[in-house]
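Below is one structure; the comments refer to it alone.
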Amino acid sequence: MKRFLQENWQRIRKSSFILSNLKMGPMSLVKFITGPFKGKGAARLLGADGVGFLGISNQIQQFGMSASSLSMGTVLTQELGKAIANNDVVRKRDLLRAALFLQLCGSAIVIFFGLLFTQYISKNIYDDPRAQVFTLLPVLLSVPFAALVNTHFSSILYAHGRYELFSHATTMNFLFEVVIFLLLAYFFGLRGAVWSILITSIFWSALLAKHCWVLEPSVFELTWRLKPDILKMLSWTGISFLIAGLFSGAALIVLRGMISQHLGVSINGYYQVLLVFSAYYTPFITNGIWADLFPKFSRSKLTMELWKEWANQLILAAWFGAGIEMCLLVFPELMVKIFFTRDFLKACSALPWQFMADFFGLVTAPCAAFLNARGRFNAFLFVTILISVTTLAVTRLFIDRFGLAAVPFSYFIANGLGLLTIVHLMRRESKDRFSFLTLIPKILLPLLLLVAQSAIYLYSPWMFLRFILPLVFGVIVWVLYFGERHRGKLLYA
């Protein structure tokens, strides 16, 4: 037994997928632990309407962040990484000056147009008379801080290979976010909850600024003497990410508006339940993939060993993701009661479609990391637009007939279509040096088990059946990944 444990521990230590997720795990774990406090507090203090209102506010912040930062985080990380490797101090300073200038200008533009179109946003997005200037102001003012966190500061830390500092600061921010949200929501209601978005963004940016100041003293240097070639490179290279981010953000905002208009504002609160479930478990898988695969594909040649590592991370993402989703479908009602209140149990019927959509999203994560790392920005843009347009079109087609379930169903169709498209693009990139057909059965099996578990949850009156497939799933993983006789058959050979 001791020998068995030692051998498998060595296999875990050699798995970059598991190790990278362990490093980023504390951040996701704290979010998972603190999430129920915030979710239940929001449900009790604000109700379904308030939760939906707050969800739209967060979505607007994300949209503004993408627009103001030009979504140049990826290219900034790549260029800073090259400058650090070459010990080019002047290049680093020029990059940081240009990035800070572009983000501040972009943030000012977003705030100006947000205030200008307050009435339009209130009527067509929120569909709620409470969405006035004073309520929207903190959301708009949080945009520059959110942009600095997700582009400027994160690029510096990742370029230096210090993503554990980002994880630590984010962990502290999660704890602070829960406390300040509950306090403001309790004393000031919905208005206080919205203002907590701004306060949390300022606190998070302050934590990261401290780390970045140590690594790069020129992080806050602002000057008009900028190099045109660097401005052009950052803005035009990031334009694909900007359009992709705007499309995704705009699609989510339109989707929220569609839910409010067709199903009611309170249903937006139920939809938040689906998003919360996804937000709690998917980072355990995707954060590690991006932290590990992105720098490797950015700096290395496409060797067969690298292709095998990519394939193994894709397979493990599929199996880990499906396993977590099947376990969540054993008794999701209990988790909804823990995270929210009984009033939100109506969202449970849409959870299986949400998890199946998430499955395709998790499998797509290694592919997206590849396209971004290799500079295939136009391909990434195309896939993002395809997913966004398909989501809106399918939702509009079925929302009146199937209600809230039409939204995750549309994601399921869109993410599946996006995965097929992105794999086709990667086949062209591999130039037939890698066989993608060998991956199909290893991805299809966990998907079929997840579909079967979803059918049991939706249609079976016997609750004990929900436990059978997760147990079967666990036995398969144990035999094919850890078992001595068939060890390694789960992975790409």
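Please verify whether F203 is in a helix (DSSP H, G or I) and more than 27 Å from the chain's Cα centre (by Cα), treating the condition exactly as stated.
The answer is no for F203.
Would you confirm whether any residue within region 244-255 is assigned to a helix (DSSP H, G or I), modelled with pLDDT of 80 or more and crowded, with 20+ Cβ neighbours inside 10 Å?
Yes - at least one qualifying residue is present in region 244-255.
Against the condition of a type in the set (V, I, T) and surrounded by 19 or more Cβ atoms within 10 Å (Cβ to Cβ), how does V194 come out, does it pass?
Against the criterion (of a type in the set (V, I, T) and surrounded by 19 or more Cβ atoms within 10 Å (Cβ to Cβ)), V194 qualifies.
Taking the criterion of being assigned by TED's automatic domain parsing to the domain that holds F187 and without any contact (Cβ under 8 Å) to a residue 40 or more places away in the chain, would at least one residue in region 90-103 satisfy it?
Yes: one or more hits.
Which pairs do you get when a residue that is of a type in the set (S, T, Y), found in region 36-59, comes within reach of a residue that is at pLDDT 80 or above, reach meaning Cβ atoms under 9 angstrom, with the pair 6+ apart or on two chains?
Qualifying pairs under 9 Å: S57/L136; S57/P138; S57/V139; S57/A193; S57/V194; S57/I197.
Evaluate region 191-198: report whether one residue or more is among the hydrophobic types (A, V, I, L, M, F, W, C), more than 19 Å from T135 (Cβ to Cβ), in the same structural domain as Q61 (by TED's automatic domain parsing) and in a helix (DSSP H, G or I).
Within region 191-198, none of the residues are among the hydrophobic types (A, V, I, L, M, F, W, C), more than 19 Å from T135 (Cβ to Cβ), in the same structural domain as Q61 (by TED's automatic domain parsing) and in a helix (DSSP H, G or I).
Quick check on region 335-364: of everything there that is part of a helix (DSSP H, G or I) and polar (S, T, N, Q), which residue is farthest from W290 (Cα to Cα)?
Out of the qualifying residues, it is S349.
The values are calculated or read from the model by the stated rules, or taken from the named source; none is laboratory data. Nothing here was measured: the structure is a model prediction, and the numbers come from that model. Methodologically, a virtual Cβ is constructed for each residue, glycine included, from the backbone with ideal geometry; neighbour enumeration extends over all protein chains shown.
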